[in-house]
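What follows is calculated from the coordinates using simple rules that are stated; it is not laboratory data. Note that the coordinates shown come from a computational prediction; the quantities given were computed from them, not determined experimentally.
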């Protein structure tokens, strides 16, 4: 069963940015992680993977955009550490 992952679009009431020191939060927003989230993670089209999942049985999928994002980071880190 395929279920789209859109939970990351809603702010969490108890996220770590709310309690973080403002200098650290600003540093995090200027890091590669914020740009990766905005320009890569949010742009992954999960609907391309719908045919890979059974529609009538099974448990819901693990979010595809997390899998794809982790694979991209893994390959980027492999290139850096060669």
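For the chain, take every pair of Cα atoms, bin their distances at 10 Å starting from 0, and report each bin as a whole percent.
15, 35, 32, 15, 3
Find the relative contact order for the chain and round it to a whole percent, using C-alpha pairs within less than 8 Å whose residues are 6+ positions apart.
51
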